[in-house]
1. Over 25 Å between Cα atoms: which of LYS137/LYS262; LYS298/LYS342; LYS152/LYS338; LYS311/LYS344; LYS236/LYS338 fall into that group?
2. Do any trypsin sites (Lys or Arg not before Pro) in the stretch 1-94 lie in a DSSP loop with no more than 14 other beta carbon atoms within 10 Å, and if so, which?
3. Relative contact order of the stretch 116-315, please, whole-number percent, based on alpha carbon pairs below 8 angstrom and at least 6 residues apart.
4. Over 20 Å between Cα atoms, which of LYS150/LYS310; LYS147/LYS168; LYS147/LYS310 qualify?
5. From the gyration tensor of the Cα coordinates in the stretch 254-329, what semi-axes in whole Å does the equivalent ellipsoid have, largest first, with each one equal to sqrt(5λ)?
6. In a Debye calculation with equal point scatterers on the alpha-carbon sites of the stretch 129-286 and no solvent, what is log10 I(q)/I(0) at q = 0.08, 0.15, 0.16, 0.18 Å⁻¹?
7. Are there any trypsin sites (Lys or Arg not before Pro) in the stretch 113-218 that are in a DSSP loop and have at most 11 other Cβ atoms within 10 Å? List them by number.
8. Classify the stretch 1-131 as rounded, prolate or oblate from the Cα gyration tensor: take a ≥ b ≥ c as the square roots of its eigenvalues, call it rounded if a/c is under 1.5, otherwise prolate when a/b beats b/c and oblate if not.
Amino acid sequence: MAKIDAFFNLMIELGASDLHLASGQPPMVRINGEIERINYPAFDSDILKQLVYEIATEEKIKVFEETGDVDFAYEIPKLSRFRVNFFNQIRGIAAVFRVIPSKILTLDDLNLPPVLAKLCFLENGLVLVTGPTGSGKSTTLAAMIDKVNKSKKRHILTIEDPVEFVHKPMLCSINHREVGVHTKSFTSALKGALREDPDIILVGEMRDLETISLALEAASTGHLVFGTLHTQSAPKTIDRIIDVFPADEQEKTRISLAESLKGIVAQSLLRKKEGGRIAALEILFCNTAVANLIRERKTHQIATIMQTQKKLGMTLLDDVLEELLQADIITAESAYEKANNKEKFVKYLKNPPDALLS
């Protein structure tokens, strides 16, 4: 057993989502979205390096020493998997560990809208799950892949950095590829994927122009592509994808995106009043009206379509936040913090910001 495993066991006991170890600081954990200190002495940089090097492969250690940071996954059998980011900082080194539960929760377990199942059963196109770091994107995607795995006979290929949730093949054939271990990059893996007979491709993160371009190509050639972006709303996600491309390619990208995009789930995670956290989802289905707005450079009007077509399962994040607030599940402060249109929630605050009152 690695020495650092004791901290991982403590994480699980405390119900923490993340563990922070940094030179010159005591260990800290994130519980229900907030950082808490552990009663333990501050770490010396050399000791912390030894702890992390014990669970990293030689290849990952080499990458860290050459670049100053590295991602990898670590698993303790019968306990959990952990996503690791190991990096240099001003006081020495630091590492952050995210729990990846061994049990993959279903859409029902997560209390996610049943309408998400529609996105799981598409034959082709692009489906994006977006949100800030720590918003539960990977957990939602894992539940969607699990839904397919239990319902359809498909070949699922995931490309991740690192591999997070490991799915046991049920009705599907599933292959997980880790960037830096099984493939050089997202780009090279996506190029290879088109020759590997996948029905569904999960791209762990659409980081750059080439990855996004290849994902769009795969989605337009008969594959169902799931991907993630760090954006906070459905319309902003569309703008972000288009803006990645050079100006002379953006018109072509608009047309391609209008044809390939099937849905966007923009997710936020909020603290509940009674403890624990709850996901608030903005959901966009790219129907004919939305596709036309993308082609016509009118993405600012998409929110109106989403509001008028709620019966199709579309939801705006701010509407979901208001429902949670009125049901007394979250606080006004939490709703205000996550809202896209913050002015909508000023009236609920006990101490509204002066800037919004003027």
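Values in this text are rule-based calculations from the coordinates and carry no lab data. Note that the structure is predicted; figures quoted are calculated from it, not measured. Glycine gets a Cβ as well: all are built from the backbone with ideal geometry, and neighbour counts include every protein chain shown.
1. Result: LYS152/LYS338 exceed 25 Å.
2. Filter output for the stretch 1-94: LYS3, LYS78, ARG91.
3. This gives 24 percent for the stretch 116-315.
4. Beyond 20 Å between Cα atoms: LYS150/LYS310; LYS147/LYS310.
5. Result for the stretch 254-329: semi-axes of 29, 12, 9 Å.
6. -0.23, -0.82, -0.93, -1.17
7. Listed in order of number, the matching sites are LYS153, LYS184, ARG195.
8. Here the stretch 1-131 falls in the prolate category.
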